[in-house]
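**Q** So that we are looking at the same thing, I have put the structure below in structure tokens.
The values are calculated or read from the model by the stated rules, or taken from the named source; none is laboratory data. Just so it is clear, the model here is predicted, and its values are computed rather than measured. Methodologically, a virtual Cβ is constructed for each residue, glycine included, from the backbone with ideal geometry; neighbour enumeration extends over all protein chains shown.
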Amino acid sequence: MTRVGVHLWQNMTMLDVLGPQQFFGWVPGWEVVTVAKTKEPVIADSGLQVLPHHDLDSCPDLDVLLVGGGVDLSRELADPEVLAWLAKTGEQAQWVTSVCTGALLLAEAGLLDGYRATTHWGSLGDLARYPGVEVVPDERVVRDRNRITAGGVTSGIDFGLTLIAEVAGPDMAAALQLAGEYDPHPPTPFGHPRDAPAELVNATGELLGSLRGGMDAFYAAKN
């Protein structure tokens, strides 16, 4: 059995982890559990409520650690209990993974030192604050040994299928991609800054900046 543990936190972007979680749950022999600091409902930035299976103390040993992100994770980044749990769990897990700004939590816990990694394009500068991390800006999913990090939000599905291919085999990944009809045709080609007009990138960057909350203060205090 492969046990995947999905770390949840208040005000996170739940799609980061729900996309891969759905595919993981279809893999025969895989168990997917959710874990948060407490077993109270986790309320996402979209308002969705999720009830974790475990708190930090009751979480069983994990083969795969998955950490999702969000715009303002300053409270998580400053929480020594959460960081200690991530560090300990990541050291024991066979795979340490993240989607979006979940990479910042892995980096803060020291789990990306000496590894190549990526995150949401709007937070690449934050990831670059960790000198031990080699930031990869232009890859949707980055694998470096047993670390897999993905870009923003929807890249979680690509990450999930990548991990399934690595652990359960490419045939399983292909079958689940087909079962899930993962064949995206978005209404615009503007899914990454390299393909978007500068004015759209700037406007989106300003929007994300307005939602950063305590992130700048956290890094100012850290430095």
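**Q** Applying the selection to segment 68-81, what residues are crowded, with 21+ Cβ neighbours inside 10 Å and of a type in the set (A, V, I, L, M, F, W, C)?
**A** From segment 68-81, those crowded, with 21+ Cβ neighbours inside 10 Å are 68-71, 73, 76-77; that's our starting set.
Answer for segment 68-81, where residues must be crowded, with 21+ Cβ neighbours inside 10 Å and of a type in the set (A, V, I, L, M, F, W, C): Val71, Leu73, Leu77.
**Q** To continue, here is another question. Kindly indicate whether any position in segment 184-200 is among the aromatic types (Phe, Trp, Tyr), farther than 28 Å from Leu73 by Cα and surrounded by 12 or more Cβ atoms within 10 Å (Cβ to Cβ). It would help to see each step written out before you state the result.
**A** Just the residues of segment 184-200 that are among the aromatic types (Phe, Trp, Tyr), to begin with: 190.
Cutting the leftovers down to farther than 28 Å from Leu73 by Cα gives us none.
Among the residues of segment 184-200, not one is among the aromatic types (Phe, Trp, Tyr), farther than 28 Å from Leu73 by Cα and surrounded by 12 or more Cβ atoms within 10 Å (Cβ to Cβ), which makes the answer no.
**Q** Checking Lys39 against (1) closer than 18 Å to Glu81 by Cα; (2) part of a strand (DSSP E or B), which single condition isn't satisfied?
**A** Here Lys39 meets the rest and fails (2).
**Q** Could you list, in sequence order, the residues of segment 154-182 that are under 14 Å from Val64 (Cβ atoms) and without any contact (Cβ under 8 Å) to a residue 12 or more places away in the chain?
**A** Ala165
**Q** Taking the criterion of being surrounded by fewer than 20 Cβ atoms within 10 Å (Cβ to Cβ) and modelled with pLDDT under 95, would at least one residue in segment 122-145 satisfy it?
**A** Within segment 122-145, one or more residues are surrounded by fewer than 20 Cβ atoms within 10 Å (Cβ to Cβ) and modelled with pLDDT under 95.
**Q** Answer with yes or no whether Thr89 is under 19 Å from Leu106 (Cβ atoms) and among the polar types (S, T, N, Q).
**A** On the way: under 19 Å from Leu106 (Cβ atoms): yes; among the polar types (S, T, N, Q): yes.
In short, yes.
**Q** A follow-up question, please. Looking at (1) charged (D, E, K, R); (2) farther than 30 Å from Gly29 by Cβ; (3) at pLDDT 95 or above, find the lone condition where Asp183 falls short.
**A** Of (1) charged (D, E, K, R); (2) farther than 30 Å from Gly29 by Cβ; (3) at pLDDT 95 or above, only one is false for Asp183: (2).
**Q** Output yes when any residue across segment 50-66 is surrounded by fewer than 21 Cβ atoms within 10 Å (Cβ to Cβ), part of a strand (DSSP E or B) and in contact (Cβ under 8 Å) with a residue 60 or more places away in the chain, and no when none is. Before you say what the answer is, go through the steps one by one.
**A** Within segment 50-66, the first condition is being surrounded by fewer than 21 Cβ atoms within 10 Å (Cβ to Cβ), and the residues that meet it are 50-51, 53-61, 63.
Now restrict to residues that are part of a strand (DSSP E or B): 50, 54.
This time we only want the ones that are in contact (Cβ under 8 Å) with a residue 60 or more places away in the chain, so: none.
For segment 50-66, residues surrounded by fewer than 21 Cβ atoms within 10 Å (Cβ to Cβ), part of a strand (DSSP E or B) and in contact (Cβ under 8 Å) with a residue 60 or more places away in the chain: absent.
**Q** So in segment 84-94, with the set limited to residues that are aliphatic (A, V, I, L, M) and more than 15 Å from the chain's Cα centre (by Cα), which one is surrounded by the most Cβ atoms within 10 Å (Cβ to Cβ)?
**A** Let us first name the residues in segment 84-94 that are aliphatic (A, V, I, L, M), namely 84, 86-87, 93.
Keeping just the survivors that are more than 15 Å from the chain's Cα centre (by Cα) gives 84, 87, 93.
Values: Ala84: 12, Ala87: 15, Ala93: 20.
Here the residue is Ala93.
**Q** Only residues that are modelled with pLDDT of 95 or more, surrounded by fewer than 22 Cβ atoms within 10 Å (Cβ to Cβ) and more than 17 Å from Leu104 (Cβ to Cβ): list them for segment 1-13, please.
**A** Thr2, Arg3
**Q** I need the full set of residues from segment 60-74 which are touching a His at 6+ places or on another chain (Cβ under 8 Å) and farther than 28 Å from Tyr219 by Cβ, in order please. Lay out the reasoning, then the answer.
**A** Just the residues of segment 60-74 that are touching a His at 6+ places or on another chain (Cβ under 8 Å), to begin with: 60, 65-69.
Hit for segment 60-74 is Pro60, nothing else.
**Q** List the pairs whose first member sits in segment 95-115 and is more than 17 Å from Gly5 (Cα to Cα) and surrounded by fewer than 24 Cβ atoms within 10 Å (Cβ to Cβ), whose second member is at pLDDT 95 or above and of a type in the set (Val, Ile, Thr), and whose Cβ atoms are under 6 Å apart, counting only residues at least 6 apart or on separate chains?
**A** Correct list of pairs: empty, since none qualify.
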